[in-house]
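Notes follow the structure.
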Amino acid sequence: MSPTMDLLTPTRLAWAAGIVLLTTILRFWQKLHFHRSLVKGLPGPPHSYLFGSLISMGKVVAQQPGSAAPQTYPSFIKEYYNLGDWFVFDPWPFGPVTLVTLSPEMAHEFTVKQSMPKHPVVDDFMQNFGGAGNMVSSEGAQWKKWRSAFNPGFSAAYLMTLVPSIVDNCDVFSSIMLARAKTNELFRMESATTNLTVDIIGKVVLDHDLKSQLHPNELVDSFISQTRWTPIGVQFNPIELIDIRMPIMLAWNNFKMNRYIGRLLDERFSTRNARHEATGGKRQKYVIDLALESYLKEASGSAADKKDVAHMDPAFRTAAISNIKTFLFAGHDTTSSTICYAYYYLSQNPAMLARIRAEHDAVFGPDPAQASAQLKENAHLLNKLEYTTAVIKESLRLQPPASTVRVGQEDFYLHDPETGAPIPTANFMLWAVDVGLHRNPAHWNDPHTFDPERFLQKSSDGKPEPANPAYVPFSKGPRNCIGQELAMIESRIILALTMRLFDFSPAYDEIRVLNGDGYGRGESAAEAAMRQFGDQAWQVQKGTAKPRGGMPCRLRVRE
């Protein structure tokens, strides 16, 4: 027997395996102790050394609909355990130890006063919708480079020039909705508004007509599939630990999206000189052109040499594709959900529905068919839609699509909003929960009531009341949403062109009829009977927070 084989005896192998196992266990317990010690002395739900906050969180989550979005939970944890406007919870090893705040003062400290870096979980999430170099999760010089490059494409003045193309997409949407209204079809409104808003953002970002409202599109279909397969975290959905389909589908969808956008980017690069001559040298502000412009400035060394750059650097190409995917994702989610919720809340409030329709009559005249042409002729008519804007803002208040999470640091302290006491943030994920901020009774009267009037209040001198600091649907500070102006413009256009065409009726009593249509997992009878914040249209997690069940509905042509 060789000397090597003498060493590999069963006894020695067993000892080696035992040492490895013991080392692993010791390291696990060392990490466990470290994370459990972080929350010592800080407010939060009941805490166990072995299970952290998992058991106490589980008691609250068990009372909520199983499909509810995690961003809705902190308000209920606060209420169940009688906590203040900030607390910590510890789901380790299934997630980071988190400092939750429902206080605008605390949120301001780490998003505006000092903009803390995005937490690594943001980058993990954005790998499914962006990739390396995406503007949402990148930091420092890389983030500043892309933000500066893309800002011109999202200025209010430039976006107003795109109103005609937005109107064209909305007209397609209106035709589809009217056809469904005539047949009294049961369908999911969120699927329809997603196709609409992706078509709009496809034009803004790519100068490309995706036409997903009319026929299947590989990019849009892959994108929608990605939202359905994206994990929400094993601390909220333990099945993710064993679902082997998830990474396969995420990788496959990413491959198809990268391939589609890559083809468009290559075509845009190769035809840039011809387009430059055709437009008389006029600067193009589509996101895809702004990305190329940024690259050409770096690659050429001078403006005069841009046309001579023969090849696209692979690293730039990857980063450009990542950011274009990011815009498609971030650019659709706010508007697609907000339109659904605006329809929903207005259908529950006849007086408000009548008021928004009266405003559209006053601005565009009594014939709804004329509104499209008027907006194409004069986009600034949108500025007259004060009540429509208030409806959109109120829909975003009650149902914001996402929240920001940042990472704490050794030398950074938050402060208790009541006592001013410093709060350490090192090793914490900092989570400013939009749902909790927007429904905090300390900052809103009747916080769970839909009331657009709250955004129309004026002071004694007739000037608008200052903005409520607890209202943060697009975040605040330097990392606020670059596309917020686009979201407001397209939301006003969609409502202006559709509110007088049909009556919307939510159909949650029929939601189980749609089980098995490919939208997502079906609902049980018990879950279908549940409510959250007293509402049947709670948020579910599909990439970001979306209306439960895709907002099942029926439409009726308005007489």
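Readers should treat all values here as calculations from the given coordinates under stated rules, not as data from a laboratory. From a predicted model like this one, the values you see are computed outputs, not experimental measurements. Cβ atoms come from the backbone with ideal geometry, glycine included; neighbour counts cover every protein chain shown.
A few points about this structure:
- DSSP beta bridges in the chain [antiparallel fraction, %, rounded to 5]: 85
- Taken along the Cα-to-beta-carbon direction at a fixed 7 Å, the label points for A358 and E79 span 3.3 nm.
- Theoretical FRET efficiency, 1/(1+(r/R0)^6), r = Cβ-Cβ of F533 and E510, R0 22 Å, to 0.05: 0.50
- Tail beyond 15 Å, pair distance distribution of the range 62-107 (Cα, percent): 51
- In nm, spacing of pseudo-spin labels at N468 and A373 (7 Å Cα→C-beta vector): 4.1
- Packing rank of 346-355, 13-22, 189-198, where each peptide gets the mean count of other beta carbons within 10 Å, highest leading: 189-198, 346-355, 13-22
- Between R27 and Y158, the C-beta separation translates, for a Förster distance of 56 Å, into a calculated FRET efficiency of about 0.55.
- Its relative contact order, with pairs defined as Cα atoms under 8 Å and 6+ residues apart, puts the range 148-283 at 16 percent.
- Sorted fewest first by neighbouring Cβ atoms within 10 angstrom, K376, K40, K118 come out as K40, K376, K118.
- Exposure proxy ranking, count of Cβ atoms within 10 Å, fewest first, for S459, S372: S459, S372
- According to the calculation over all Cα-Cα pairs in the chain, the P(r) per 10 Å bin from zero is 3, 16, 26, 26, 17, 8, 3, 1, 0, 0 %.
- Neighbourhood net charge (10 Å Cβ-Cβ; Lys/Arg +1, Asp/Glu -1) for W92: +1
- By other beta-carbon atoms within 10 Å, ranking C340, C170 with the fewest at the front produces C170, C340.
- Distances between every pair of Cα atoms in the range 393-475, grouped in 5 Å steps from 0 to the bin holding the largest one, split as 3, 13, 18, 19, 17, 13, 10, 5, 2, 0 percent.
- Cα centroids of the range 238-254 and the range 69-130: 25 Å apart.
- Cα extents for the range 370-523 along the principal axes, largest to smallest and rounded to whole angstrom: 59, 54, 30.
- Normalised size of the range 259-299, defined as Cα radius of gyration per 2.2 N^0.38 Å with N residues, equals 1.13.
- Global geometry of the range 47-172, whether rounded, prolate or oblate, following the gyration tensor of its Cα atoms and the 1.5 cut on a/c: prolate
- Note on the range 147-208: Rg/Rh from Cα positions, Kirkwood definition for Rh, rounded to two decimals, is 1.10.
- FRET efficiency estimate (nearest 0.05) - Cβ-Cβ, R263 to R558, R0 45 angstrom: 0.60
- Residue pairs, from the table K384/K458; K118/K256; K144/K325; K144/K256; K145/K285, whose Cα atoms sit over 20 Å apart: K118/K256; K144/K256
- For the chain: relative contact order, % (alpha-carbon pairs under 8 angstrom, 6 or more apart): 23
- Quarter of Cα convex hull surface for the range 304-435, i.e. mean projection, nm²: 16.1
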